[in-house]
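The values are calculated or read from the model by the stated rules, or taken from the named source; none is laboratory data. Because the structure is predicted, anything quoted here is derived from the model rather than measured. Neighbour counts are summed over all protein chains in view; Cβ atoms, including those assigned to glycine, are modelled from backbone coordinates with ideal geometry. In case anyone asks, the SASA skips ligands and DNA or RNA and just uses the protein heavy atoms, side chains included. Shrake-Rupley method; radii C 1.70, N 1.55, O 1.52, S 1.80 Å.
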Amino acid sequence: EGQHNDSRTNTYIALTAAEEGATVANYVEMIDVIKNDEGKVVGVKARDNLSGKEMDVFAKSIIFAGGPFTDQMRKIEEPSCKPAVAAAAGTHIVLPGYYCANGIGMLDINTSDGRFLFFLPWQGKTLVGTTDRKGPVSSYHGPPEEEIEWILNEAKKYLMTDTLKVRRSDVLSAWQGFRPLASDPNAPLDAPISRDHVISYNEQTGVLFITGGKWTTYREMAEDVINKAIKISGLGSKAGPCKTEHIQLRGGVGYNRNVPIQLVQEFGITQESAEHLARSYGMHAFEVCRLASSTSKTSPSKCGNLLIDGYPYLECEIEYACKHEMACTVADYLTLRTRLAYLDSQAAFLAAPKVADLMGKALGWTKKEKKQHLEEALNICGTFGGPTPNKSLGKGEKDGEDKFRITQAKLGKGAKNSGAIFG
C-alpha cells in the first residue's frame, strides 16, 4: 500500500497503451463536444495547450475519465448535469527517511479528531498523511499550513523522544491531492458516496463516464468501462473484450530481480541509482544508460553524473524522458516523470536549471524558450510546501500563487547553485 511511484505508473500506462496502438496526445484538452442532428456526441473539439492548435476528434464511443475533474467534462456535454464526484482533498508531508524504518509502516486509527494517519517509507523518505477535506477540486499543489501543522503534531506522538525532536523545518515537501469519491447522480441526496468506481451512460448524448476508484483497481476499472463501451456501441464484432489482464506494463517483459546488479556491472553506477532505474524503467533501464557517455574523466560511471546530490536520478534520464516519455516541460520532469518536487521541493528548485539546460539541448529550445520553461517550473515548485511555513494560505484556499512567483534574482541564484548559466 502506498509504495509505488505513481508518476512512473501513470507514465507507463500511457506508454504501454501507445505501444498497443493507442494515440496518446500529451497536453491536449477537450474544450467542447461535437453532436449530430440527433443530439448524440460523436466527437470532441480539442486544443493543444502547447501550440494553441485546435482540432476535431471523432469516435464511435466517447468515454470521460477525468478522475476528480470528471464533472467538469460532463458539464461541457450537459451543463445541467447532476454531480457525480464528491472531491476530497488530502494533505501529505514528506520527512527525512530516518523517521521510518525501511519496510515498516504504521497506521494510526485514533488521532485527535478521528481521521486516519499513516507513516510509510516512500522513495527513500517518510510519507505522512493524510487529511480529508471536502471542497471544490483544484490542480493547485499547495496544502493549507494548518493541515501540515496538524499532521506534524499527530506525528510527534510517535516520533518525539527526549533525544529526538520533530521540527517544522524537517518537512522536505508538502502537497495536496484530490480523491474522486464517486456518487450516483440519480441516487437520493442522502445516499453515501463510494470509494469504488462508478460507470454511467447518458442515453440522450451517448457519452459514457467513469469516476471514483483507486490505484489498486485501475485495471478492473479499465476492463469494466471498455467492455461496457463495446457493448453499448455495438462494437463486439470488431473489438473486445478488454485484455488488460494479460498485458504487462512497458519494461516488464523479461524483467528479473537481478536487473539492478546487471546495471551496476555493465555501467558502473551506484547500487542506489541502479535500483532506482530498475524500478522506474524496468528493462528499458539499459536503454536509459546507453544514451549517456561519461561526463567526467574521474567518474567511473558510463552514464554520466547525478542530477543532484542526495538523489539517485541521473542526467541521462532527462534526454530519455524527452525522446521516449513525451516530457515537454521542465515541470513535467520534476513532477510527472520523477517525484522530486513531491519528495523535496528545495531539491527540485535547485535541480530545475540543470534540467532546463539538458531538456533545451534535447528538444532544441531557444534561449528564450528555455528561460520560460525554467520560470514555469520554479513557480510550480514554489507551490509545494517545504521547511518554511506559508501562513498566507488558509484552509481550503488556493490563492496566493503570486507569493511563489520567482523573481529574476531567485532565478539567477538557482541557476548559480546548480552550475547552469542563463543569458
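At-a-glance table
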read-out: Residue satisfying all of: in the stretch 90-109; at pLDDT below 85 and on the phi < 0 side of the Ramachandran plot; surrounded by the fewest Cβ atoms within 10 Å (Cβ to Cβ) among these; value: ASN102
read-out: Residue count, the stretch 300-310 (criterion: touching a residue at least 40 places away in the same chain (Cβ under 8 Å) and open to solvent by 10 Å² or more (accessible area, probe 1.4 Å)); value: 1
read-out: Some residue of the stretch 190-199 being buried (at least 16 other Cβ atoms within 10 Å of the Cβ), modelled with pLDDT of 90 or more and not hydrophobic (A, V, I, L, M, F, W, C); value: yes
read-out: Any chance ILE232 is open to solvent by 20 Å² or more (accessible area, probe 1.4 Å) and in contact (Cβ under 8 Å) with a residue 60 or more places away in the chain; value: yes
read-out: The one condition in (1) more than 30 Å from TRP150 (Cα to Cα); (2) open to solvent by 60 Å² or more (accessible area, probe 1.4 Å); (3) in a helix (DSSP H, G or I) that PRO83 fails to fulfil; value: (3)
read-out: Which listed residue is open to solvent by 60 Å² or more (accessible area, probe 1.4 Å) and among the acidic types (Asp, Glu), from GLU146, GLU154; value: GLU146
read-out: Scan of the stretch 238-260 for residues that are closer than 16 Å to SER280 by Cβ, touching a Ser or Thr at 6+ places or on another chain (Cβ under 8 Å) and either of a type in the set (A, V, I, L, M) or outside any loop (DSSP other than H, G, I, E, B) (or both), ordered by number; value: LEU249
read-out: Residue check for PHE69: touching a residue at least 12 places away in the same chain (Cβ under 8 Å) and either open to solvent by 50 Å² or more (accessible area, probe 1.4 Å) or under 30 Å from GLY310 (Cα atoms) (or both); value: yes
read-out: Failed condition for ALA187, given (1) more than 29 Å from THR338 (Cβ to Cβ); (2) at pLDDT 95 or above; (3) surrounded by fewer than 19 Cβ atoms within 10 Å (Cβ to Cβ); value: (2)
read-out: Residues (in contact with a Lys or Arg (Cβ under 7 Å, 6 or more places away or on another chain) and either within 22 Å of LYS125 (Cβ to Cβ) or surrounded by fewer than 24 Cβ atoms within 10 Å (Cβ to Cβ) (or both)) located in the stretch 326-351; value: LEU343
read-out: Residue list for the stretch 24-60, restricted to those being in a loop (DSSP other than H, G, I, E, B), touching a residue at least 24 places away in the same chain (Cβ under 8 Å) and open to solvent by 40 Å² or more (accessible area, probe 1.4 Å); value: VAL24, ASN26, TYR27, LYS40, LEU50, LYS60
read-out: Failed condition for SER139, given (1) more than 17 Å from the chain's Cα centre (by Cα); (2) open to solvent by 60 Å² or more (accessible area, probe 1.4 Å); value: (1)
read-out: Any pair with Cβ under 9 angstrom, 6 or more apart, that starts in the stretch 102-116 at a residue that is more than 14 Å from GLN3 (Cβ to Cβ) and of a type in the set (Asp, Glu) and ends at one that is assigned to a loop (DSSP other than H, G, I, E, B) and open to solvent by 70 Å² or more (accessible area, probe 1.4 Å); value: ASP108/PHE116
